[in-house]
Each structure stands twice: as structure tokens, then as C-alpha cells.
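Peer 1: Sharing a structure below in C-alpha cells format, with a few things to ask.
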Amino acid sequence: MKTIRLATAMVSGIAAAAALIVSFAATPTLAGTPGGGCSATVRIDSEWGSGPRGGQIVSVTVTNTSAATAAKWAVSWPLVTGQRVRTAWNATVSTTGSTATAVNTRWNGTLAAGAATTFGMQLDGVFPPPALTCDNGTTPPPPAADFTVTELDNTRTVTLRVGQTLAVNLSGGYRKPDLTGTALTELSSSGGGTTGQPLTVLYRAAADGSETLHSDTEAGALWRVAVNVVGVPPSGGGQTVVVTATNNQGSTSLAVGDTLVVSLPGNYVPPALSAEGVLSLAAVSGGYPTADPLLARYVANAPGQVDLSSITDAACRHQPTPCPSPQVRWLLHATVTG
């Protein structure tokens, strides 16, 4: 790797000297591509000679295209055979193989939304402007998946509605599962296999059907999760069932598309589900520690059985002296039919 770090004043003098030998006024040329939260545009300020025996003075403008202030930026581009970066100013430029990367200095890395800064270079060789990529770390992460499975979920079955997402997070060494049907589509993946990095794959439920995700490692570890995808129930087509503290240890029956409302006193915590996919949480408010009445709303997604469980809580239970009264548990058995 070759790294160039030059003071602005010294390099500006080199650039000025190089400009004296320009035999003609080069027409400014623009080229730029947006990237991860920023864009980079290159301009040829001057050039002399031709091909690998010539040279160029270029300037690159980096603009923060995100809505947030960025604290850093990096611009990368491929080097043509015979081209190299001789000097640079207002950036630290390094080359690895045939790729050059410029990163900000300590005084021009922070850019507010829409703000821009410029760095310059003297290049050996006369070539067309390169295609630049830019990243300043402000690209928002992908949204969280509706469901996530790990190595602990081996042999488990998951039920999704069309449109929901499933994340697979496995340790390094696991291979990415292959899709054999149309129920799931892959949105993104990283790591796994020979990379040594944790495997992360994000899927979207695309159509009714089933898919079994298989993965393994070179050491022989096996992992499997079965995924059932069901269609979205028609809106407004189901009934609403309300349960309260009096339904403790009871049961209720729902149909796909129905809504289940759990209404409990404010000292209960939001109910936990014994299985995913059968019911999905639509909204929740109140409950411990707010002291407001607990109201949780669920939508029946797919046929199956699931238990909803809650328990009372109080501030004194989290202090050294125990509460004098025991906690009260609440349990409901729900069955969803197609």
C-alpha cells in the first residue's frame, strides 16, 4: 500500500509548478456517482503530455447528500494501468493494487447536510476522469426484520405473512442457505462460508408456500428452519375479541384476520407469546412501569396455537427489600383457525 500525506501549502506549490508546464488549457470535465450518503465529482484542471507519459492536475468535490451531519468521508476509484497518484492535498490518498482511496483530513471531515469540500491531486498519466464512489457512513441501516432466527432456532418452524421479513443470523463458517421455492426472496446477505465473518441473510415473504432453510459448516454442523408463508388476511374482514384479567387460565378461538385485544391492569407487563407467526403484535400501550392500564392488540396471522403470558410487577421488586405480596401470573391459550 502506498500512502500520501502532504501539507496543503507544500503540495499547493507543487501543483502550481506543474501548472506552469501545461501546454494548453484543458476543458474541465465532470464525472461523479452518488454513494453512501455523499457524492464525489472530479474536475480536470490541467494536463500535459499524453498517455502514461503525461500528467494531470485534478480536483474532487465531495458533497454530503444525506440529511445528517457526517464526521468523515472516503472516495474510491480504479486506477488505469500506467496511472498513479503523485501528490495530494486536503486528503490522505492510499493505493492498494489498482484501487485508490482518498479519506478526509482532520479539518475537512465534518460536513453538514448539503455542505461540500474539495481535495486535489497530481496524477501521472493522461486519462479520462475515473468513476468515483463515495461513502460517509450516514447511510441508514436496513430496517429491523419482523422475525430473527439464530443457531438456537435449529429445527424450528416459523410462520410469516406475505410482506414480512426474516433475518437469519448464524456464526462464521455457516454457508448461506439456498432457496428452492418462491415463498421467500433474498434481500441482502453478508459473511458466512470462508469469509470467517458471521452470516447474516435477510429474506422477505413473497408468496404463499413453504421453504426450508438449510445451512452447514465445514466442521459438519447442521442447521435447519422451516418457514411457512401465508397470505395477508383481507382488511376489515375479521372480528375483534377482547380478553381481561378474568380470562386468566382460559382459552379463546380466533380465525385468521381476527383481532385479539388484551386488556389488563396497569401493574401487568406486556404479554409474551410462546410462538411466533400465529399472532403478531399490532400495538401496545400502558402496563408496568407506566401505571396506565395495559392494552395490547394482536392480529391473527396463521392457523396454529399460541399462549400469551403476563405477570404483575412493581417498583419494590427491583429494590433490595422484597415486595410483601406475591406476583400474579396471567395466561391465555389462543387457537387460530384458517
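The values are calculated or read from the model by the stated rules, or taken from the named source; none is laboratory data. These numbers come from a predicted model, not from an experiment. Note that we place each Cβ from the backbone using ideal geometry, even for glycine, and neighbour counts take in every protein chain shown. Protein only, heavy atoms only, side chains kept; ligands, DNA and RNA dropped before computing areas. Shrake-Rupley method; radii C 1.70, N 1.55, O 1.52, S 1.80 Å.
Peer 1: Let me check I've understood the local charge: for Gly266, count other residues with C-beta under 11 angstrom from its C-beta, Lys and Arg +1, Asp and Glu -1. What total comes out?
Peer 2: Residues close to Gly266 contribute a combined charge of -2.
Peer 1: Ok, one more. From the residues Val299, Thr69, Trp223, which one has its Cα farthest along the dipole of the chain in the positive direction, the dipole being from +1 and -1 charges on Cβ of Lys/Arg and Asp/Glu about the Cα centre?
Peer 2: Of the candidates, Thr69 comes out farthest on the positive side.
Peer 1: Here's another thing I want to ask about it. Any chance you could give the angle, 0 to 90 degrees and rounded to 10, that helix 8-19 forms with the longest Cα principal axis of the chain?
Peer 2: Roughly 50 degrees, rounded to the nearest 10.
Peer 1: A follow-up question, please. Going by amide H atoms built from the backbone, whose H comes under 5 Å of the H on Arg84, apart from near neighbours?
Peer 2: Answer set, sorted by chain and number: Asp124.
Peer 1: Using the Karplus curve 6.51 cos²θ - 1.76 cosθ + 1.60 with θ = phi - 60°, what ³J(HN,Hα) values do you get for each residue of the range 96-101, in whole Hz, with x for Gly and Pro?
Peer 2: Karplus-based 3J(HN,Hα) across the range 96-101 equals 10, x, 9, 10, 10, 9 Hz.
Peer 1: Calculate, for the range 43-140, the solvent-accessible area per residue in square angstrom, rolling a 1.4 angstrom probe over the heavy atoms of the protein chains.
Peer 2: Ligands and nucleic acids excluded, the figure is 44 Å² per residue.
Peer 1: What net charge is computed for the residues neighbouring Trp48, neighbours being all others with C-beta under 14 Å from the C-beta of Trp48, Lys and Arg scored +1, Asp and Glu -1?
Peer 2: -1
Peer 1: Still on this structure: When the dipole is taken about the Cα centre of the chain, and only Lys, Arg (+1) and Asp, Glu (-1) are charged at their Cβ, what size is it in debye, to the nearest 20?
Peer 2: For this selection, approximately 1000 debye.
Peer 1: Below 8 Å between Cα atoms, with a sequence gap of 6+, how large is the relative contact order for the chain in percent?
Peer 2: Worked out over the chain, it gives 12 percent.
Peer 1: I've got another one for you. Quantify, in whole percent, the carbon and sulfur part of the accessible surface of the range 177-292 (1.4 Å probe; protein heavy atoms only).
Peer 2: C and S atoms contribute 51 percent here.
Peer 1: For Leu187, which sequence-distant residues (separation of 5 or more, or a different chain) have an amide H within less than 5 Å of its own amide H, given hydrogens modelled in the peptide plane?
Peer 2: Leu202, Tyr203, Arg204
Peer 1: Pull up the DSSP beta bridges for the chain and report the antiparallel fraction as a percent, rounded to 5.
Peer 2: So the antiparallel bridges in the chain amount to around 80 percent.
Peer 1: Then there's this: Quick one: which residues, 5 or more positions from Ala115 or on another chain, have an amide H under 5 Å from its amide H? H modelled 1.01 Å from N in the peptide plane, none for Pro or chain starts.
Peer 2: Asn64
Peer 1: For the range 168-185, take each phi angle, set θ = phi - 60°, evaluate the Karplus expression 6.51 cos²θ - 1.76 cosθ + 1.60, and give the result in whole Hz per residue in order, putting x for glycine and proline.
Peer 2: Ordered by residue, 3J(HN,Hα) equals 10, 10, 10, 6, x, x, 6, 7, 5, x, 8, 8, 10, x, 10, 5, 10, 10 Hz.
Peer 1: A further question on this structure: Under a Cβ-Cβ cut-off of 14 Å, what is the net charge of the residues other than Pro128 that fall near it, where Lys and Arg count +1 and Asp and Glu count -1?
Peer 2: Surrounding charge for Pro128 is 0.
Peer 1: Roll a 1.4 Å probe over the protein chains and send me the accessible area per residue for the range 194-308 in Å².
Peer 2: Roughly 49 Å² per residue, with all protein chains present.
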